[in-house]
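Student: Would you mind keeping the following structure in view while I ask a few things?
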Amino acid sequence: MKVLASAPGKVILCGEHAVVFSEPAIVMAINKRAFVSAELRSDNAVYISSTDLNLSGCFTEEAFKSEVKESEAAAKLRPIWVAVKKTLELSNKNLGVNVFVHSVIPPSIGLGSSAAVAVATVAAVGRATGIRVSKKEICSVAHEAEKVVHGQPSGIDTSISTYGGVIAFRRDEGFVPLKTHTRISIIIGNTKIERSTGDLVRHVRKLRELYPNVINLLIHAIGHVSVMAAEALRKGNLSQLGNLMNINHGLLVAIGVSNENLDRLVAVAREAGALGAKLTGAGGGGCMIALTTSGKAKLIAKAISEAGGDSMIIRGSAGGVRTWVA
Ligand code: PMV
């Protein structure tokens, strides 16, 4: 039996980095998804092929074997292998599986690509083994795999990818779904600069050690922004949400995770009429987002493209992980 699963990427509307220090954050699933297929093998090996990474290879208890680029394949496929292995362990059987991964979420730019791949992998492999894996388990196993990529992620990416929609998330406490009564349009601007989330999280940690009184206040202020943003979303008050996103960007600049490219795209989006704009995800490159009512979305996307970014219009939130049998 071949099982397929898909899981969405995400944009963080407010609260990135502060969420690492247990402040709340607001995140929305987007309609760019990772797709994974899984089929059990007759032996206990794990074969993984990723079309996006253009890599494949076979993991056994003893070794990893790949036809080409062996060391690169071993390193880059390892997070997927960890997700597969931890899922197979849930079945308490000595199983092997063939896993094919295809994601339309560009990697390393803050749109939650690795978490979506991990979530879809756990869901597909879990169902292929015949055991019932709950969303809670999918989320927690995918989080373990994410630790291999990012060190100590907050868990926000795996949560939104599992459950979808818009959620208010707080580390160690979980999340609440946010009902939004207004259809929001978000324009994503991609600087096309890849960066490492782990490095940027380490940068903030270091700054906090150097200037604890200042950085703790900034982190706490970002948490307040998220609380007010959740309220604005609930009430459908988009101009207030936009203001809060602008404040959030300023605070992220202050903790040193923005850069010239992000600031330029944020500025042109505001000039083109966005209600608010900020970097999204870890920063240091990657993506920014702009909030608008649908009438102005194309104009803002054009301004972002003219300023050198790749733009993408997202209308409303996407559903979480789902599986089906091929
Ligand atoms: O997945 P990214 O690169 O968009 O970053 C996730 C957000 C951070 O708060 C920077 C890290 C985390 O673990 O929450």
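The values are calculated or read from the model by the stated rules, or taken from the named source; none is laboratory data. Not measured: the values here are computed from a predicted model. Cβ coordinates were reconstructed from backbone atoms using ideal geometry, including for glycine residues, and neighbour counts include every protein chain displayed. To get the accessible areas, we keep the full protein, side chains included, count just its heavy atoms, and leave off ligands, DNA and RNA. Shrake-Rupley method; radii C 1.70, N 1.55, O 1.52, S 1.80 Å.
Student: Kindly establish whether Gly198 is within 14 Å of the ligand (Cβ to nearest atom), in contact with a helix residue (DSSP H, G or I) (Cβ under 6 Å, 6 or more places away or on another chain) and either over 24 Å from Val257 (Cβ atoms) or open to solvent by less than 20 Å² (accessible area, probe 1.4 Å) (or both).
Tutor: For Gly198, the condition - within 14 Å of the ligand (Cβ to nearest atom), in contact with a helix residue (DSSP H, G or I) (Cβ under 6 Å, 6 or more places away or on another chain) and either over 24 Å from Val257 (Cβ atoms) or open to solvent by less than 20 Å² (accessible area, probe 1.4 Å) (or both) - is met.
Student: Given (1) in a loop (DSSP other than H, G, I, E, B); (2) of a type outside the set (Lys, Arg); (3) open to solvent by 40 Å² or more (accessible area, probe 1.4 Å), where does Val133 come up short, assuming only one miss?
Tutor: (3)
Student: Let me ask something additional. In region 206-228, which residue that is open to solvent by 100 Å² or more (accessible area, probe 1.4 Å) and of a type in the set (D, E, K, R) is farthest from the chain's Cα centre (by Cα)?
Tutor: Filtering region 206-228 for residues that are open to solvent by 100 Å² or more (accessible area, probe 1.4 Å) and of a type in the set (D, E, K, R), the one farthest from the chain's Cα centre (by Cα) comes out as Glu209.
Student: Can you say whether Asn92 is over 23 Å from the mean Cα position of the chain (by Cα), free of Cβ contacts under 8 Å to residues at least 24 places away in the same chain, open to solvent by 20 Å² or more (accessible area, probe 1.4 Å) and more than 16 Å from the ligand (Cβ to nearest atom), as far as the supplied structure shows?
Tutor: yes
Student: Please go through region 156-198 and give me each residue that is part of a strand (DSSP E or B) and farther than 17 Å from Ile109 by Cα, ordered by number.
Tutor: Gly164, Val166, Ile167, Ala168, Phe169, Arg170, Gly174, Phe175, Val176, Pro177, Ser185
Student: Regarding Lys69, is this residue away from the ligand (no atom under 16 Å from the Cβ), open to solvent by 10 Å² or more (accessible area, probe 1.4 Å) and modelled with pLDDT under 90?
Tutor: So Lys69 fits the description; yes.
Student: Within region 114-129, can you find the residues that are open to solvent by 10 Å² or more (accessible area, probe 1.4 Å) and near the ligand (Cβ under 8 Å from one of its atoms)?
Tutor: The one that is open to solvent by 10 Å² or more (accessible area, probe 1.4 Å) and near the ligand (Cβ under 8 Å from one of its atoms): Ser114.
Student: Could I ask something else about it? Testing Pro153 on (1) surrounded by fewer than 20 Cβ atoms within 10 Å (Cβ to Cβ); (2) in a loop (DSSP other than H, G, I, E, B), one condition comes back false. Which one is that?
Tutor: Failed condition: (1).
Student: Out of curiosity, is Leu111 outside any strand (DSSP E or B), open to solvent by less than 20 Å² (accessible area, probe 1.4 Å) and under 30 Å from Ser317 (Cβ atoms)?
Tutor: yes
Student: Turning to a different aspect of this structure: Limited to region 108-144, what total is found for residues that are of a type in the set (Gly, Ala, Ser), out of contact with any Cys (no Cβ under 7 Å at 6 or more places or on another chain) and within 16 Å of Gly9 (Cα to Cα)?
Tutor: So the answer is 10.
Student: Mind checking which residues of region 1-22 are open to solvent by 10 Å² or more (accessible area, probe 1.4 Å), touching a helix residue (DSSP H, G or I) at 6+ places or on another chain (Cβ under 7 Å) and more than 10 Å from the ligand (Cβ to nearest atom)?
Tutor: Residues satisfying the conditions are Met1, Leu4.
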